[in-house]
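Encoded as C-alpha cells, the structure appears first; notes follow it.
The values are calculated or read from the model by the stated rules, or taken from the named source; none is laboratory data. Note that the structure is predicted; figures quoted are calculated from it, not measured. So basically every Cβ, Gly included, is an ideal-geometry build from the backbone, and we count neighbours across all protein chains shown. Calculation scope for accessible area: heavy atoms of the full protein, side chains included, ligands and nucleic acids excluded. Shrake-Rupley method; radii C 1.70, N 1.55, O 1.52, S 1.80 Å.
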Amino acid sequence: MTTTTLGHSPFTRASYRGIDLYAPNRAPSRVDLSDNTNRHGMPPAAAAALRNLDPETVTRYPNLYAHTLKESLASYCGVPAGCVVTGCGSDDVLDSAIRAFAEPGDAIAFPSPTFPMIPIFAQMNGLRPIAVPYSAQFEIDVAGLLATRPKIIYICSPNNPTGTLTSTDCISRLLSESSALIIVDEAYIEYGGQSLAQLAVTSDQLLVTRTMSKAFGLAGLRVGYAIGSPGIVAEVEKSRGPYKVSTVAERCAVAALDSDMKWVEQRVVEDVVARERLFDELESLGLSPIRSQANFVLVPVRAAAEVALSMRQRGVAVRPFTALPVVGEALRISVGPWKMVRECLDALQASLEERA
Ligand SMILES: *Cc1c(COP(=O)(O)O)cnc(C)c1O
C-alpha cells in the first residue's frame, strides 16, 4: 500500500508537483467584494431565459462550438462571427490558446503583478512562465518582455489586480518588434480602456480574450470568449475541443447579449461612479490607492492579510495580497452597489483603527 502526501500521488507528473489547487478563501460573507463579479445580480433577460428553459434540452449535447453565442458576441463586439471563439470561462480560452500556440519548453512572458492563473496555465502546459515587473507607474517593460524571447506575451488591460491600462501604443510596439503571439486579456474592458478587438480581427498575431463573468454578472455560467483573425481562433477552438459551453450557459448568455445591454451599461456606469468614490474615500482614510480603470481598486495596506481577516469578522470580504511585485501588501476591493462599498469602508476603517 502506498500513502500520498496532500495533493500528490505516485503518478503525479514531475512538472505538476509545484502546482497547488487554486483555492482563494471563498467562505460566504455578508458583503462580498473579493472577486470582481457584478454585485447587482443577474441581468433580467438572462434570468428569464434560465427560468423558461425547457428541462428536456439538457438531455442532449449543447452546440459543438456555441455558434448562436458566437453570433451574439460578434454583434456585441462589432466583429465577424468567424473571428470569435468561446470557452468554459475565459480561463478555458486562455489555457487553450497557450496550448495551441506554444510547445513545452517555450516561454510565456507577462508583466507582473497580473492575473495569477497565467503562470499556472503556463506550467500545466509545460511552458516557462517569465514575470517581468511593471514600472513604478505600472507601465509595461517592452524591452524586458522582448528580451525573454517569448513565444507568447500576455498583457491584462485593465490589469487585475492593479486596475491599470496598457496603452495601445505599447501593444503596437510589441506587435511590431516581436514575432510572439500577443494575448490581451480584456476581462474588465467594459469598465475602462480602449478595446483591441478590431485590431485583433486583422492582425495574425493578436488574440483578445473577454468574459461574461464580470460586467455581465454571469460568472457561475462560465462563459468566456476571444477575438482574433479566423486563422488564430480556429487554432484556439481546436485546442479547446467541442461542447465546452453548456446549453444553459449559451441560452442565458445569448439572452443577455441580445436583450440586457441597457441593464449591463447602467450597472457599469454605477460601478464606475462607485469606483471613483471608493478611491476618494480610501485617500481620505490616509491610504494611497492606485487609480483604476476596472471594477475594483487596489490599495496598499500594511498587514493586509490581518486587516482582511479582521474585515471578514465584520462580515466583509475583500482580497488580500501579501507580496505583490512593485506594490507589496495590498487589498483589492471590488465595487458594487454603494451600500456594500460603504459597509466595506466602515469595516476597513474599524480594522485599521483596531491595529493602530
Ligand atoms: C476574472 C478574470 C477572468 C475571467 O475568468 P472567467 O474564466 O471568464 O470567469 C479572466 N482574466 C482576468 C484577468 C480576470 O480577472
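List of remarks:
- Condition check for LEU298: within 16 Å of the ligand (Cβ to nearest atom) and either in contact with a Pro (Cβ under 9 Å, 6 or more places away or on another chain) or within 30 Å of ASP346 (Cβ to Cβ) (or both): yes
- For the stretch 178-224, the tally of residues that are part of a loop (DSSP other than H, G, I, E, B) and either more than 23 Å from PRO116 (Cβ to Cβ) or within 16 Å of the ligand (Cβ to nearest atom) (or both) stands at 21.
- Of the criteria (1) closer than 22 Å to ASP185 by Cβ; (2) open to solvent by 50 Å² or more (accessible area, probe 1.4 Å), which one LEU50 fails: (1)
This table checks each residue for (1) part of a helix (DSSP H, G or I); (2) open to solvent by 50 Å² or more (accessible area, probe 1.4 Å).
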position: PRO62; (1), (2): no, no
position: SER96; (1), (2): yes, no
position: ALA100; (1), (2): yes, no
position: PRO104; (1), (2): no, yes
position: ILE108; (1), (2): no, no
position: ILE118; (1), (2): yes, no
position: VAL132; (1), (2): no, no
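- Within the stretch 141-159, restricting attention to residues that are surrounded by 23 or more Cβ atoms within 10 Å (Cβ to Cβ) and either without any contact (Cβ under 8 Å) to a residue 12 or more places away in the chain or within 11 Å of the ligand (Cβ to nearest atom) (or both), the residue that is nearest to ILE130 (Cα to Cα) is TYR154.
- Looking across THR202, THR166, one residue alone is β-branched (Val, Ile, Thr) and buried (at least 22 other Cβ atoms within 10 Å of the Cβ). It is THR166.
- Residue list for the stretch 279-323, restricted to those being touching a residue at least 40 places away in the same chain (Cβ under 8 Å), under 21 Å from the mean Cα position of the chain (by Cα) and buried (at least 18 other Cβ atoms within 10 Å of the Cβ): ILE290, SER292, GLN293, ALA294, ASN295, PHE296, VAL297, LEU298, ALA317, VAL318, ARG319, PHE321
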